[in-house]
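Peer 1: Sharing a structure with you now.
The values are calculated or read from the model by the stated rules, or taken from the named source; none is laboratory data. All of these numbers come straight from a predicted model, not from anything done at the bench. For neighbour counting, all protein chains shown are included, and Cβ atoms are generated from backbone atoms with ideal geometry for every residue, glycine included. Note: accessible area is taken over every heavy atom of the protein model, side chains too, but ligands, DNA and RNA are not part of it. Shrake-Rupley method; radii C 1.70, N 1.55, O 1.52, S 1.80 Å.
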There are 2 protein chains.
Amino acid sequence: MSETTPALPREVTLEVRDRCLCFRAQRGARALGRRFDIALKPVGLTNGQFSILMSLNRPEPPRISDLAPFLAMDRTTLTAALKVLERRGLVESAADAEDKRGKRLRLSPRGHAILHEAMPIWRREHDAVEAALDGMDLETLKAALMKLGEL
Amino acid sequence: MSETTPALPREVTLEVRDRCLCFRAQRGARALGRRFDIALKPVGLTNGQFSILMSLNRPEPPRISDLAPFLAMDRTTLTAALKVLERRGLVESAADAEDKRGKRLRLSPRGHAILHEAMPIWRREHDAVEAALDGMDLETLKAALMKLGEL
DNA sequence: CATAATTAAGTTGATATCAACATGACCGAG
DNA sequence: CTCGGTCATGTTGATATCAACTTAATTATG
């Protein structure tokens, strides 16, 4: 006993700091999410709500379990998020006629309207972010992030 | 009143789907975080806890407000996360001798030990993720994510 | 058709995230 | 020295995140 644990060498920490994609992804996602949260605040949406509402704009109303993999989001997280959006009247849900286990989700008129309001903000903010990434290869970034989302 | 809101055109949704970095970053970060959470479970750490502990391994014990910008994390989020790590005895804190407002954070011996245990897992997992990104330009990805974290 | 396996959702409990607000410590101007 | 501004941190309330468990409906098997 009383065996002294050696301190984790500083070089190991620097190896992680230099390589870790997970850390960088969390960090970048937090910062970007915060930025869009602030920008979208005037219309009363968070970046996540904006993405969820946008993903509901489909010809065929999706079910929760269709959306979860698309958003790479846990199904139960989505359930909780939708509860808020339904309460606010932005999303409507109805039991699937074909399969009573399922639930079909669609944008309400107010849901459409709020997205309309949000679009100019999204465009302005997105342009600003792209400008800040000045010169970096956007296509590589987008492709890599999509790939990560499919892990 | 009763002015019918036009549905958000499908093309607008497709524009967002095609371009939105925020959506892709959240999605990728969720998937990647989940993956590391699962891999690190045997040692009892989440990806975020791993990153926080790792960022504490510095010659000079940092304060909360030094770490928050480094992690691009809200200060109060960090406070909450540290509470858990302190409770588990992985992190120790002490009031800054020079400035009693501040608090210096450092890894306990158990904190060092758990990082030791986590390292082989992190290496294996990170190698696997890099392999899955097969051929994509890692340096561009890392640089872009760092840049996003500084927004 | 009856029962087992599967599938879609919901619930619970723990942590994560952040804005808004509150407290106490430091510091500079007068 | 003291008062006003700033700084470091903490607290609260709302939502986000996910694993584990539960319920109800469907499907597959014998």
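Peer 1: Can you list the copy-to-copy distances for B:Lys83, using a point 7 angstrom from Cα toward Cβ, in nanometres, shortest first?
Peer 2: When each copy's label point is compared with this one, the spacings are 2.1 nm.
Peer 1: Partner chain Cβ atoms within 10 Å, averaged over the residues of B:111-122 - can you pull that number for me?
Peer 2: Per residue, the number of nearby Cβ atoms from other chains is 3 on average.
Peer 1: A follow-up question, please. Put A:Ile121, B:Ile38 in order of accessible area, largest first, 1.4 Å probe: what do you get?
Peer 2: Accessible-area ranking of A:Ile121, B:Ile38, largest first: B:Ile38, A:Ile121.
Peer 1: To continue, here is another question. Mind running the shape call on the stretch B:18-132? Use the C-alpha gyration tensor, a ≥ b ≥ c as the square roots of the eigenvalues: rounded below 1.5 for a/c, prolate if a/b tops b/c, oblate otherwise.
Peer 2: Since a/c reaches 1.5 but b/c is at least a/b, the shape of the stretch B:18-132 is classed as oblate.
Peer 1: Along Cα→Cβ at 7 Å, what distances in nm separate the A:Ile38 label point from those on the other copies, shortest first?
Peer 2: 3.5
Peer 1: Can you compute the charge dipole magnitude of chain A about its Cα centre, using +1 on each Lys and Arg Cβ and -1 on each Asp and Glu Cβ, nothing else charged? Give it in debye, rounded to the nearest 20.
Peer 2: Charge dipole of chain A: 580 debye, to the nearest 20.
Peer 1: Any idea what the relative contact order of chain A is, in percent, if you count C-alpha pairs under 8 Å spaced at least 6 apart?
Peer 2: Normalised by residue count, the contact order of chain A is 20 percent.
Peer 1: Ignoring ligands, DNA and RNA, what accessible area per residue does the stretch B:18-132 give at 1.4 Å, in Å²?
Peer 2: For the stretch B:18-132, the per-residue accessible area is 47 Å².
Peer 1: Now a separate question. Please work out whether the protein assembly as shown counts as rounded, prolate or oblate from its C-alpha gyration tensor, where a ≥ b ≥ c are the square roots of the eigenvalues and a/c under 1.5 means rounded, while otherwise a/b larger than b/c means prolate and anything else oblate?
Peer 2: prolate
Peer 1: Same structure, new question: Carbon and sulfur together cover what percent of the accessible area of the stretch A:10-149 at a 1.4 Å probe radius?
Peer 2: Summing carbon and sulfur atoms, their accessible area is 53 percent of the total for the stretch A:10-149.
Peer 1: Just checking the output field for A:63-76: average partner chain Cβ neighbours within 10 Å of each residue's Cβ?
Peer 2: Mean partner shielding for this stretch: 2.
Peer 1: Between B:Glu150 and the same site in the other copies, what are the distances in nm, shortest first, taking label points 7 Å from Cα along the C-beta direction?
Peer 2: Once sorted, the set of distances for B:Glu150 reads 3.2 nm.
Peer 1: Cross-link list B:Lys41/B:Lys142; A:Lys100/A:Lys142; B:Lys41/B:Lys103; A:Lys147/B:Lys41; A:Lys142/B:Lys103: which exceed 32 angstrom alpha carbon to alpha carbon?
Peer 2: A:Lys100/A:Lys142; A:Lys142/B:Lys103
Peer 1: Just which residue of chain A brings its Cβ nearest the axis of rotation onto chain B, and by how many angstrom, rounded whole?
Peer 2: Nearest to the symmetry axis by Cβ: A:Ala29, 2.
Peer 1: Enter the accessible area of B:Val16 (Å², nearest 10), with the probe set to 1.4 Å and all protein chains included.
Peer 2: B:Val16 exposes around 10 Å² with every protein chain in place.
Peer 1: Determine the calculated [θ] at 222 nm for the protein assembly as shown from helices alone, applying -39500 (n - 2.57) to every DSSP H run no shorter than 4 residues and normalising by the residue count; nearest 500 deg cm²/dmol.
Peer 2: -20500 deg cm²/dmol
Peer 1: Which whole number gives the average count of other chain Cβ atoms within 10 Å of the Cβ atoms across peptide B:31-39?
Peer 2: 5
Peer 1: Still on this model: Please calculate the 1.4 Å probe accessible area of A:Lys147, with all protein chains present, and give it to the nearest 10 Å².
Peer 2: 90
Peer 1: Please work out the C-alpha center-to-center distance from the stretch B:80-151 to the stretch A:86-123 and express it in whole Å.
Peer 2: For the stretch B:80-151 versus the stretch A:86-123, the Cα centre distance is 38 Å.
Peer 1: Largest first, what is the accessible-area ranking of B:Thr79, A:Thr13 with a 1.4 Å probe?
Peer 2: B:Thr79, A:Thr13
Peer 1: Leaving out ligands, DNA and RNA but keeping every protein chain, what accessible area does B:Cys22 have, in Å² rounded to the nearest 10, with a 1.4 Å probe?
Peer 2: Rounded to the nearest 10, the figure is 0 Å².
Peer 1: Using a 1.4 Å probe and counting only protein heavy atoms, how much accessible surface gets buried when A and B come together, both sides summed, in Å² to the nearest 100?
Peer 2: Using a 1.4 Å probe on protein heavy atoms, the buried area is about 7100 Å².
Peer 1: Each label point is 7 Å from the Cα along the Cα-to-Cβ direction; what then is the distance between the points at A:Thr76 and B:Leu14, in nm?
Peer 2: According to this spin-label approximation, the distance is 3.8 nm.
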